[in-house]
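Below is one structure, written out as structure tokens; the observations come after it.
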Amino acid sequence: MSALQELTKESFESTVFGQGTVVVDFWASWCGPCMAFAPVYEAAAEAHPDVQFTKVNTEEEQELAQEASIMSIPTLMVFRDGVLLYREAGALSASGFEALLKQVQELDMDQVRAEIAGKQEVQ
């Protein structure tokens, strides 16, 4: 089994705003859908050693969950090169999660950054 990194308030920003792809799973031990999604998440971590898979225990990191505006769990966030590309509450199927990871890896990040910059100029 791959080591899933537990994120804390102290390690969150330095981890997700770095280089590469980082997936964050906000979860809690009492959450049935979180527990059902855990094996899917762990299998994806095994299948994608080039992606950093992290977890935030919302019970232990309540302040971080609040700062991230987590309203329901599980909530997944996917960052690539420091850019938040996906944020959604709810467990994904294995095939849905694989499709999401594939889409994120195939993105042209220069184009994404240009689109973000264009939207910011309009505001």
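Bear in mind these aren't lab numbers, they're just calculated from the coordinates by the rules spelled out. Small disclaimer: the values here were computed from a predicted structure and weren't measured. We place every Cβ from the backbone using ideal geometry, glycine too, and count neighbours over all the protein chains shown.
Taken over the range 101-118, the residue count meeting the criterion of being surrounded by fewer than 12 Cβ atoms within 10 Å (Cβ to Cβ) and under 14 Å from TYR86 (Cβ atoms) is 2. Only one entry in PHE17, PHE79, PHE37, PHE53 is aromatic (Phe, Trp, Tyr) and more than 26 Å from ASP108 (Cβ to Cβ), namely PHE37. All conditions in (1) farther than 25 Å from ALA94 by Cβ; (2) assigned to a helix (DSSP H, G or I); (3) touching a residue at least 12 places away in the same chain (Cβ under 8 Å); (4) of a type in the set (Asp, Glu) hold for GLU10, with the sole exception of (3). Count of the range 13-27 residues, restricted to those that are within 17 Å of ALA65 (Cβ to Cβ), touching a strand residue (DSSP E or B) at 6+ places or on another chain (Cβ under 9 Å) and surrounded by fewer than 18 Cβ atoms within 10 Å (Cβ to Cβ), is 1.
List the number of the failed condition for SER69; all other conditions in (1) surrounded by fewer than 19 Cβ atoms within 10 Å (Cβ to Cβ); (2) touching a Pro at 6+ places or on another chain (Cβ under 9 Å); (3) of a type in the set (Gly, Ala, Ser) hold. It is condition (2) that SER69 fails.
Note on the range 28-53: residues that are surrounded by fewer than 21 Cβ atoms within 10 Å (Cβ to Cβ) and among the hydroxyl-bearing types (Ser, Thr, Tyr) amount to 1.
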